[in-house]
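FYI, it's all coordinate maths here, none of it is from the lab. Nothing here was measured: the structure is a model prediction, and the numbers come from that model. Neighbour counts are summed over all protein chains in view; Cβ atoms, including those assigned to glycine, are modelled from backbone coordinates with ideal geometry.
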Protein chains: 2
Amino acid sequence: MATPTCNALPKVRFERGFLADRARLVRDVVIPYQWEALNDRVPGAERSGTVHNFQVAAGEKAGEFYGLWFQDSDLAKWIEAACYRLATHPDAKLEADLDGIIATIAKAQQPDGYLDTYVQLTAPDQRWTNLFEWHELYIAGHFIEAGVAHFEATGKRTLLEVVCKLADMICRVFGLGEGQINGYPGHQEVELALIKLARVTGELRYVQQAAYFINQRGAEPNYYEAEAKRLGRAKLPVYFYLHRWTYLQAGKGVREEADPIGHSVRAMYQLCAMADLARETGDASLRAACETVWRNLCDYHTYVTGAIGSEWNGEQFSLRYDLPNDRAYAESCAGIGLVFFARRMLDLELRGEFADAMERTLLNNVLAGMALDGKTFFYVNPLEVRPAEAKRRFDQHYVKTSRVPWFGCACCPPNIARTLASLAYYTHSVQADGVALHLYTDCTVEADVAGAKLKLAVATDYPWDGRVKVTVDPAVAAKFTLRLRLPGWCTSPTVKVNGTSVDLAAAQTGYLPLAREWQAGDVVELDFPMPVQRVRAHPQVVHALGCTALQRGPMVYCLEEADNGAHLGSLRLPRSAQLTAKFEAEQVGGAVVITADGERQEAADSALYSAAEPAVKPARLKAVPYCLWNNRGEGEMRVWIRES
Amino acid sequence: MATPTCNALPKVRFERGFLADRARLVRDVVIPYQWEALNDRVPGAERSGTVHNFQVAAGEKAGEFYGLWFQDSDLAKWIEAACYRLATHPDAKLEADLDGIIATIAKAQQPDGYLDTYVQLTAPDQRWTNLFEWHELYIAGHFIEAGVAHFEATGKRTLLEVVCKLADMICRVFGLGEGQINGYPGHQEVELALIKLARVTGELRYVQQAAYFINQRGAEPNYYEAEAKRLGRAKLPVYFYLHRWTYLQAGKGVREEADPIGHSVRAMYQLCAMADLARETGDASLRAACETVWRNLCDYHTYVTGAIGSEWNGEQFSLRYDLPNDRAYAESCAGIGLVFFARRMLDLELRGEFADAMERTLLNNVLAGMALDGKTFFYVNPLEVRPAEAKRRFDQHYVKTSRVPWFGCACCPPNIARTLASLAYYTHSVQADGVALHLYTDCTVEADVAGAKLKLAVATDYPWDGRVKVTVDPAVAAKFTLRLRLPGWCTSPTVKVNGTSVDLAAAQTGYLPLAREWQAGDVVELDFPMPVQRVRAHPQVVHALGCTALQRGPMVYCLEEADNGAHLGSLRLPRSAQLTAKFEAEQVGGAVVITADGERQEAADSALYSAAEPAVKPARLKAVPYCLWNNRGEGEMRVWIRES
């Protein structure tokens, strides 16, 4: 290995405010809690077995493999999250825990670099034989991301060396050369990880390996078809229902699908790698493919909460406009994948719609995945829940009516942890000629911009208040461009520099460029007024017909039974109703809530069908941010409110 | 066997009109067609194997059992249908076919009376060992019904003797006595059949055996629990999901469940037997249980089309008010079961609501199960279909977007056939002091009423026209009561006898009693005005919120893509819109269609979400009777129309 370059993690401090609270929760509660969960020490939670599996594989204890074939990845994601925490908040105990588990992982790794406790402990002679189902390459990808994060956070090479050895093995084993396996991952992830590894190590061949995986995917003759035949698997699992290899995006080449298809997390991780590769290699066809899928993802396949993947079976994308609310799958990990993809699209082009989508999904769908106490999680994030029905109907059996401490398939909790532990990646981009702010939240950003040390102090109560004060503090006066995102949801933004209004006509694709010589103490004041907005869906979204969603700033709201009583479907919001927004410190952890004079439809009698319309009575409606739902016990929830 | 009494089948001739057309279709097309299907001679249809299985069991040919474990019952239901046809329309070829297959069945029957080709050919040493899954008693029940029908239609005892031998064996094997199996059927049916057999043979012990099965059902300790343990079946199939023995109505005693629960066909057949037993034995607790479940069935569990059983998994009833339209299971057989149950409730008490429900389900849900050409069938009858979605989403995989020629599990087609071949059972009841008319349709009824031969000539274009002329024609002037159903859907009925208006205040529980000495040629004129009615659901039916269904007379309507274009959800019917009804001879086989000036919501642009409401454009809406949908190719369909 060449001497790796430690690309410092972005330096952002989150001290107060909505996202800072979540970041702190992840640091102080979630990461320690998940370490306990991975060690099977959380009473009442489903067993993880993850650390156990590595200890067994390392020869540190006797035992058998426990859990699903991709269990290893939970540990990798947790390590990544823990490293981000360590980068900003040194902690000897955590560092020692990491050193300990990394030593175990290194011991578990086989001499040739192979690392997958499921295969090692259950089918050691069947490495790489079942790419379409097993997750060897997916797990490798997560360990590579962890190894990079560990190196960048601590400067230590212990895990980085493990994952370089693993990556080198992958480069030897997979390809179109003599004696190589010309397959590719059943679950994409290693592709984006190899690019990260290349950026740290300077090893271009890791990019080339990622490019191989992406370019080979779906090539004819289909690798999986041959593999399934070899394995005697004429009948595929039910999640391949109707779709066969499109479930894992291998029915066609990656440039040939216009819509996001198949398993939604796989689809997003693939798109991340495609966007990264487009950037690394300048491959215009990959970039065009990303743009096409992005367009269709946004125009046809995204819930108003930013969630994606509307079908349970196969955790998949469905048809255009097929976005049922009570049967939404809307996996937390798929939302995280969209955030990753959007962030990478921003690296390709500074376009407000990428940041808008990233913000929508992060603040609504992803945050909903975790309780306010950081100890329980949603895997599935429907937009409408009627608990009795969700518990009773098999076609909603995957909908949990309350967050749970852990899952047998626990991909989501550590994925949420690593995402919220690395918010610093999402606030801004450093560019050749300046810096761009994407996500507004109270924080301090430090960066080297155009050769100068720059500090940006962002003071705001966003997302509850649209006023944002950015104090620019370069070490010395410096000429650079500060690019400020003008959120797509805001119809009347204003920007002042040192008290003087700026003409927004200069804004391009959703960002306002402010090019000047910046002095320490320069102040940019942004104001993004946040009236409550009614959002309506395209009329082909049959499950939102006649309804409105409420949004204020970037936050999407919902009705909860705790505030509105049961039978939320019988509530209506008149088109003329005044919507009042007010911050309530005591409400769902402190949030702006929305109230309005609405109405409730009540049956005149017990008849199931009647010529009479239900009677209408006044009812005060109260909506809370969707991401904060289900923090007050089990109850109904509904995002799309009927309008009258 | 004592000398059986041939209770003549009710004598009703259907010559013209809506139901007569269906009855003729069943006689001329469906019954011959299904005989071909049962003999595996319909190209392109799923293989039945049913006749084949009997031929193999009878030693007439070599081969193996084909199909599902309840395949035998398809033949029994077809024989029953064919016998009803033979009773009114003698046909030497059909009679010979029946004699032939009955001879085969008799040969297949084992010396001790046992008859079930699945068990005989696949597990002959495991008779009666798996009552909760196998269908030995269910099949026995259908053969008993067939045997009774064959005897009543032809006077021949060939099949009756087979089924008496089978029934006698069942009486020996099942009970609480020494050496008997104290179990009961996994799928109810034999109970109601045994009562039919008792009525023909005069053998009270068949009633007692039915009573044993009903009373033992769900008794503690639970028979199935012990059976499943004996079979090593700790884990039950997914359709027992959450419910365990309630799936087959054996979680509690039959008098203890207030709501219809579990598999809907099983539930209905059980209720039929309970109502029959209440009548035969005067068991007040059984009658009360029927009344309670009836009430809740109507108030919470019935679709506006009269369909029941809203969940695919286990073909079950769901929670109260849980009536999704696009995921409705609404099995044709379950609707038939409701018709059977309602008819038996009418035997317990002449109450209009029983006839109303019977009519609603028969004319809408059951008739929808068969195409206008009598050759294709629906098993599942949703109230809303979007074909692309139904083909794509696994949670709607059971929804067929067009009727099919046959099913691997083909319970519905022969069940529809035997029901429509026996419409004579549903038109009227003969009572001690008169006759009651339930179903209005053009026909001639002959009956012995209060000792006199009576002919009733019913002339009407019902269900398209509410005017009904009943010419009373007793052989000699006779004093009896003619009870006329006043349909629940009609708000302003009028009745005249020989031109003189009758005061309807005398009507009781939905029937108007006309007691007088009737002379040949007396004429009763009924007028049930049929304005188009808007029907609204109880506001807890979340899937019908904001919508109306259109009904005219007993017919429920739907929008079809063939008339209204795609995206039926985007259509709205203003509350003020005039609804016009008109008979169109060329339309869907000749039917009254409804038109109105409505509107279509169209998106202003391609955005998935927007602050703007969709634009509204005028659109002419056209609705056709639900039972006639899908006779013009595949397309969207929707019963519940959005109101504006």
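Only helices (runs of 4 or more DSSP H) whose full extent lies in the stretch B:38-154 are considered here, and the ones with at least 3 residues that are in contact with a Cys (Cβ under 6 Å, 6 or more places away or on another chain) are B:136-154. Taken over the stretch B:513-535, the criterion of being in a strand (DSSP E or B) and either out of contact with any strand residue (DSSP E or B) (no Cβ under 6 Å at 6 or more places or on another chain) or more than 14 Å from chain A (Cβ to nearest Cβ) (or both) is satisfied by B:P513, B:L514, B:A515, B:R516, B:E517, B:W518, B:D522, B:V523, B:V524, B:E525, B:L526, B:D527. Can you find, within the stretch B:508-537, the residue that is surrounded by the fewest Cβ atoms within 10 Å (Cβ to Cβ) among those that are over 26 Å from the mean Cα position of the chain (by Cα) and among the charged types (D, E, K, R)? In this case the residue turns out to be B:E517. Of all residues in the stretch B:491-524, those that are touching a Gly at 6+ places or on another chain (Cβ under 7 Å) and over 18 Å from B:A432 (Cβ atoms) total 1.
The sole residue among B:T154, B:T129 that is of a type in the set (V, I, T) and under 28 Å from the mean Cα position of the chain (by Cα) is B:T154. Here the helices (runs of 4 or more DSSP H) wholly within the stretch A:288-407 that include at least 1 residues being more than 14 Å from chain B (Cβ to nearest Cβ) and more than 27 Å from B:F317 (Cα to Cα) are A:332-348, A:352-360. Of the residues making up the stretch B:604-642, those that are under 26 Å from the mean Cα position of the chain (by Cα) and closer than 30 Å to A:I308 by Cβ are B:E634, B:G635, B:E636, B:M637, B:R638, B:W640. Looking at the stretch A:481-507 only, could you name the residues that are more than 30 Å from the chain's Cα centre (by Cα) and not in a strand (DSSP E or B)? Hits for the stretch A:481-507 are A:N498, A:G499, A:V502, A:D503, A:L504, A:A505, A:A506. Out of B:Q601, B:Q587, B:Q540, one residue alone is over 25 Å from the mean Cα position of the chain (by Cα), within 13 Å of chain A (Cβ to nearest Cβ), within 22 Å of B:L383 (Cα to Cα) and outside any strand (DSSP E or B). It is B:Q540. For the stretch B:183-256, the helices (runs of 4 or more DSSP H) that sit wholly inside it and include 3 or more residues that are farther than 19 Å from B:R172 by Cβ are B:190-201, B:223-230.
Looking across B:F18, B:F70, B:F54, one residue alone is of a type in the set (A, V, I, L, M, F, W, C), closer than 27 Å to B:H438 by Cβ and surrounded by 20 or more Cβ atoms within 10 Å (Cβ to Cβ). It is B:F18. Filtering the stretch A:543-555 to residues that are more than 10 Å from chain B (Cβ to nearest Cβ) and more than 19 Å from A:S570 (Cα to Cα) leaves A:R552, A:G553, A:P554, A:M555.
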